[in-house]
Amino acid sequence: MAAPTHMTIAEARKALKAKKISSAELTDAHLKAMEQTRGLNAFVTETPERAKADAKRADVVLAKGEGGPLEGIPLGIKDLFCTEGVLTTAGSHILDGFKPPYESTVSAKLWQAGAIMLGKLNMDEFAMGSSNMTSYHGAVKNPWRRKGANSDLVPGGSSGGSAAAVAARSVMGATATDTGGSIRQPAAFTGTVGIKPTYGRCSRWGIVAFASSLDQAGPIARTVEDCAIMLQAMSGHDPKDSTSADLPVPNFEAAVERGVKGLKIGIPKEYKLDGAPKEIQDLWEQGIAWLKEAGATPVDITLPHTKYALPVYYVIAPAEASSNLARYDGVRFGLRVPGKTLDEMYENTRAAGFGAEVKRRILIGTYVLSAGYYDAYYLRAQRVRSLIARDFTEAYKQVDAILTPATPSAAFAIGEKMDDPIAMYLNDVFTVTANLAGLPGISVPGGVNADGLPLGLQVIGKAFDEETVFAVGRALEKAANFTALPEGMA
Amino acid sequence: MTALIKGQTGEWEVVIGLEIHAQVISKAKLFSAAATAFGAEPNTQVSYVDAGFPGMLPVINRFCVEQAIKTGLGIDGKVNEISVFDRKNYFYADLPQGYQISQYQQPIVSGGTVILDMKDGSTRKIGVTRLHLEQDAGKSLHDQHPSQSYIDLNRSGVALMEIVSEPDMRTAEEAGLYIKKLRSILRYLGTCDGNMEEGSLRCDCNVSVRKPGQPFGTRTETKNVNSVRYVMQAIEYEARRQIEVIEGGDEIKQETRLFDPGKGTTRPMRSKEHAHDYRYFPDPDLLPLELDPKWISDLKKVLPELPDARKTRYVADYKLSPYDAGVLVAEQETAQFYETVAKGRDAKLASNWVTTELFGVLNRTNKAIQDSPVSAKALGGLIDLISDGTISGRIAKEVFEAMVETGKDAAAIVEEKGLRQVSDTGAIEKAIDEVMAKNQDKVAEYRSGKEKLLGFFVGQTMKATGGKANPGVLNELLKKKLAG
């Protein structure tokens with residue numbers, strides 16, 4: 001039997017059932033790993049007491065041969081999910097001291113399935129960022145380093161804490177959210193697996209909103225199967241979220257080993273970027289070859305509006321954010337910096353409470369929605385968004401799923417790209433399209449680059465066809481046989 | 001009909017459009033399950049959605065949508081099968097989300113008509129541009145603390161229908177009639193209680209003036225005018241102010257103004273109070289509202305009879321004047337009361353009794369018709385006694401007063417006080433003879449051609465019988481005897 005922190009969720013579940021290990025032992029091992037990896041700054045809040053108590057309860061249930069599909073499995077929760085009575089900051093100073101009196105639907109579903117919370121995971125402020133550098137609680141360090149180098153790397157973002165903790169083996173899996181790539185990019189940077197399901201698959205109720213029409217929750221874990229197990233528990237219609245899909249949730253776990261024989265896999269030419277590193281192109285070609293060997297047929301396709309995706313995203317997401325973040329005004333919860341008048345209190349509170357990136361996006365969003373600019377920016381962006389979605393609809397007449405690189409590069413060093421927001425925004429170039437079109441996308445580690453850093457491959461599926469995404473993801477995972485570990489994690 | 005205002009440079013026409021905010025009758029709010037009852041302790045009817053907490057999402061209340069559809073149908077509007085909720089963004093302490101969810105470009109109802117019943121019995125059609133659903137904001141309480149404001153979020157998220165009229169009204173009186181008629185329709189439909197004192201019905205007045213035949217002038221919007229009387233005052237004031245400004249050589253600024261009920265005047269809001277760019281955009285938390293056409297047609301089938309249809313029926317079936325019919329149908333309760341009184345009786349007589357005597361008493365005692373001291377059945381009983389000749393109309397008024405005082409029915413009072421009408425010709429003849437004997441000079445005058453004196457003799461004889469003589473019989477006998 002593997003060491004508890006090196007088990008997958010699937011393995012741990014079997015071991016718990018077979019009583020080879022208790023949830024208390026599993027949880028303690030992860031709590032210890034959490035302490036040992038504190039230097040990564042992956043957690044905003046640790047909840048060891050609650051974890052231990054819940055593990056004890058899980059063991060009682062397990063002893064009776066009962067329990068949910070995640071009974072006794074220790075997980076981390078991104079700090080964007082409201083957790084009842086537990087500090088929830090969204091990585092922002094403005095939510096200082098905010099302990100929600102309610103539990104997000106997705107996390108509640110995980111607790112119903114028997115999972116155990118180890119703590120709340122660090123993230124870019126309000127999920128705005130691709131490096132986890134914008135968190136009020138400080139940067140998260142990637143457990144991976146370049147071979148023979150000492151500089152700390154970013155874990156990606158915005159779910160940087162989730163990805164780092166999963167990679168560092170301090171949690172077995174973590175919840176995350178993805179608005180433009182915030183699950184898939186950090187998964188790619190940390191050698192983990194992350195899936196953003198179809199928009200509407202998971203309820204957004206109780207998740208601090210960034211951009212409502214793009215935000216989707218999903219898991220980050222160490223294997224495709226583990227992601228399927230977690231997403232199974234997280235998914236489902238929620239009458240409290242009007243945009244949640246009233247559709248049955250398929251058996252994701254059963255789909256994982258379905259194989260790819262006979263599937264047609266689209267290879268979009270627009271994802272071949274001028275000036276992209278050769279290692280990215282090589283990995284992509286390797287992925288195509290793996291799927292071919294597994295019995296799938298690669299098909300060249302075109303997604304002609306891809307080049308507009310990033311600008312469209314950086315109009316729509318800030319527009320929605322500028323409105324969603326208006327409620328952080330110091331009146332009812334979180335930070336309040338007093339002022340002589342109401343307006344002054346707003347200004348003082350928001351000036352102190354929001355970081356630079358959040359302010360930048362609120363300004364952009366306010367601008368593109370302003371009278372006289374709305375048509376030129378927001379409305380036009382929405383029209384182009386429909387064209388991007390239509391590109392996929394057209395492509396899916398020919399193919400069953402699409403294979404692309406997950407990111408244009410491997411993890412970069414902390415401090416890099418910080419002075420150039422546009423360069424930072426380019427991190428999302430391969431991932432934003434799935435958000436704009438509402439489609440499911442998974443990032444699976446495909447190998448390491450010359451520096452020994454993990455690189456991810458992305459599979460984008462049809463709406464509500466996560467099953468094919470899992471099957472293709474699993475085929476890549478199998479072929480890649482990714483066994484590399486961050487330094488000191490063996 | 002157009003009433004013009006005389007200025008120094010000639011006559012001016014006033015152009016008025018009204019925006020009515022009508023609170024939807026619903027137990028729960030537009031996007032949350034919190035209660036909506038009026039007068040609750042501050043902040044006791046607030047969900048986390050209404051308070052704009054992180055991660056909270058709106059879910060449309062189907063009943064509020066149904067109420068808006070019914071209202072749209074009730075004003076003969078077009079109910080749109082697809083409408084869209086937008087966010088209207090602005091910061092204020094009683095607006096917890098930092099935006100109001102409203103409908104901007106695609107409202108649930110487009111078009112509609114409200115028919116005004118004018119004093120002279122004519123009607124006037126006022127166009128409705130649109131009706132849309134939106135959330136109410138909370139309330140800022142500025143008088144509870146010397147330096148701070150308190151916020152009550154009970155009203156935050158309550159469903160409102162904003163009903164926007166075309167600029168079709170030309171006088172303050174028409175504006176008053178429009179509000180009353182719309183209120184009447186809403187109350188018939190049960191979609192808004194129309195209570196202006198509690199703020200369930202609020203009005204913004206758009207007013208401009210122009211020389212007849214000229215294009216529309218620049219308008220001002222006067223906000224939150226909270227009674228029909230104030231609306232009329234605000235319009236009168238604003239029209240005269242605008243005429244003075246223009247005739248003084250200045251231009252009207254398009255601005256938002258506030259009504260001062262104490263002075264009956266309007267004043268501009270501070271520019272900060274309304275300098276908003278609302279940055280409307282479709283609310284991404286809500287899908288477009290799609291209505292099943294069958295739902296709309298089913299609701300249409302079960303709409304109650306509305307004031308206009310009822311009025312037409314009263315004119316046709318009861319032969320009432322359009323004006324009287326309009327008065328009777330304005331409130332459902334009055335119409336029901338009237339119909340009970342009129343059933344199987346002289347409908348015109350019933351109408352007169354309800355609109356004059358009964359309304360007189362209700363006004364005097366400041367009571368609603370539901371609390372009338374004389375029930376519809378009792379009033380019917382009184383009219384029966386008039387119709388079958390038991391009492392005269394004059395005596396009936398006396399009996400009615402006694403009914404109001406004692407709550408007894410008409411027949412009992414007539415018996416008790418011995419007010420039964422005398423139709424016995426012998427008794428009446430005797431009284432006539434006595435009166436004629438006492439007034440022989442007047443008899444002579446009458447007989448020499450001064451026939452106007454008949455009234456005098458009728459009065460005297462009636463007095464002699466204690467008012468109980470049947471007026472018909474009395475008249476006939478008197479004429480015969482006077483003729484000699």
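The values are calculated or read from the model by the stated rules, or taken from the named source; none is laboratory data. Please read these numbers as outputs of a predicted model, since none were measured by experiment. Here Cβ is always computed from backbone atoms with ideal geometry, including for glycine, and neighbour counts include all displayed protein chains.
Within segment B:437-477, the residues that satisfy the criterion of being more than 26 Å from B:L385 (Cα to Cα) and of a type in the set (S, T, N, Q) are B:N439, B:Q440, B:S448. Quick one: in segment A:293-329, of everything that is without any contact (Cβ under 8 Å) to a residue 40 or more places away in the chain and either of a type in the set (S, T, Y) or part of a loop (DSSP other than H, G, I, E, B) (or both), which residue is farthest from the other protein chains (Cβ to nearest Cβ)? The selected residue is A:G295. Scanning segment A:2-31 for residues that are without any contact (Cβ under 8 Å) to a residue 24 or more places away in the chain and over 23 Å from the mean Cα position of the chain (by Cα) yields A:A2, A:K14, A:A15, A:A18, A:K20, A:I21, A:E25. For segment B:219-337, the strands (runs of 3 or more DSSP E) that sit wholly inside it and include 1 or more residues that are more than 14 Å from every other protein chain (Cβ to nearest Cβ), surrounded by 15 or more Cβ atoms within 10 Å (Cβ to Cβ) and in contact with a Leu (Cβ under 8 Å, 6 or more places away or on another chain) are B:220-225, B:265-268. With the requirement that a residue be in a loop (DSSP other than H, G, I, E, B), more than 19 Å from B:S83 (Cβ to Cβ), touching a strand residue (DSSP E or B) at 6+ places or on another chain (Cβ under 7 Å) and not hydroxyl-bearing (S, T, Y), what does segment B:124-157 give you? Passing the criteria: B:A137, B:G138, B:Q144, B:R155.
Between A:D124, A:D152, A:D96, the distinction of being charged (D, E, K, R), at pLDDT 95 or above and touching a strand residue (DSSP E or B) at 6+ places or on another chain (Cβ under 8 Å) belongs to A:D152 only. Can A:Y367 be described as among the aromatic types (F, W, Y) and either more than 10 Å from chain B (Cβ to nearest Cβ) or buried (at least 18 other Cβ atoms within 10 Å of the Cβ) (or both)? Taking the combined requirement at face value, the residue does not satisfy it. Within segment B:141-162, one or more residues are assigned by TED's automatic domain parsing to the domain that holds B:I235, in contact with a helix residue (DSSP H, G or I) (Cβ under 6 Å, 6 or more places away or on another chain), of a type in the set (A, V, I, L, M) and at pLDDT 95 or above. Being surrounded by fewer than 19 Cβ atoms within 10 Å (Cβ to Cβ) and more than 10 Å from every other protein chain (Cβ to nearest Cβ) is the filter; apply it to segment A:330-340 and report the residue that is nearest to B:D283 (Cα to Cα). Checking each candidate, the answer is A:R336.
Residues in segment A:342-362 that are of a type outside the set (D, E) and at the interface with another protein chain (Cβ under 10 Å from one of its Cβ atoms): A:L342, A:M345, A:Y346, A:R350. Residues in segment B:420-444 that are surrounded by fewer than 15 Cβ atoms within 10 Å (Cβ to Cβ) and either touching a strand residue (DSSP E or B) at 6+ places or on another chain (Cβ under 7 Å) or free of Cβ contacts under 8 Å to residues at least 24 places away in the same chain (or both): B:D424, B:G426, B:K430, B:A437, B:K438, B:Q440, B:D441, B:A444.
Residues that are under 15 Å from B:Q97 (Cα atoms) and within 14 Å of another protein chain (Cβ to nearest Cβ) within segment B:143-162 comprise B:I151, B:D152, B:L153, B:S156, B:G157, listed in sequence order. For the structure I just gave you, tell me whether A:A228 is modelled with pLDDT of 95 or more, surrounded by fewer than 20 Cβ atoms within 10 Å (Cβ to Cβ), within 19 Å of A:F464 (Cβ to Cβ) and more than 14 Å from chain B (Cβ to nearest Cβ). The answer is no for A:A228. Restricting attention to segment B:34-79, the residues that are of a type in the set (D, E, K, R), in contact (Cβ under 8 Å) with a residue 24 or more places away in the chain and within 14 Å of chain A (Cβ to nearest Cβ) total 1. When you scan segment B:469-484, do you find a residue that is exposed (fewer than 13 other Cβ atoms within 10 Å of the Cβ) and closer than 23 Å to B:D384 by Cβ, even just one? Yes; the residues of segment B:469-484 include at least one that is exposed (fewer than 13 other Cβ atoms within 10 Å of the Cβ) and closer than 23 Å to B:D384 by Cβ.
Listed by first and then second residue, the pairs linking a residue in segment A:233-244 that is more than 7 Å from chain B (Cβ to nearest Cβ) to a residue that is part of a loop (DSSP other than H, G, I, E, B) and of a type in the set (K, R), with Cβ atoms under 7 Å apart and 6 or more places separating them unless they lie on different chains, are A:S235/A:R201.
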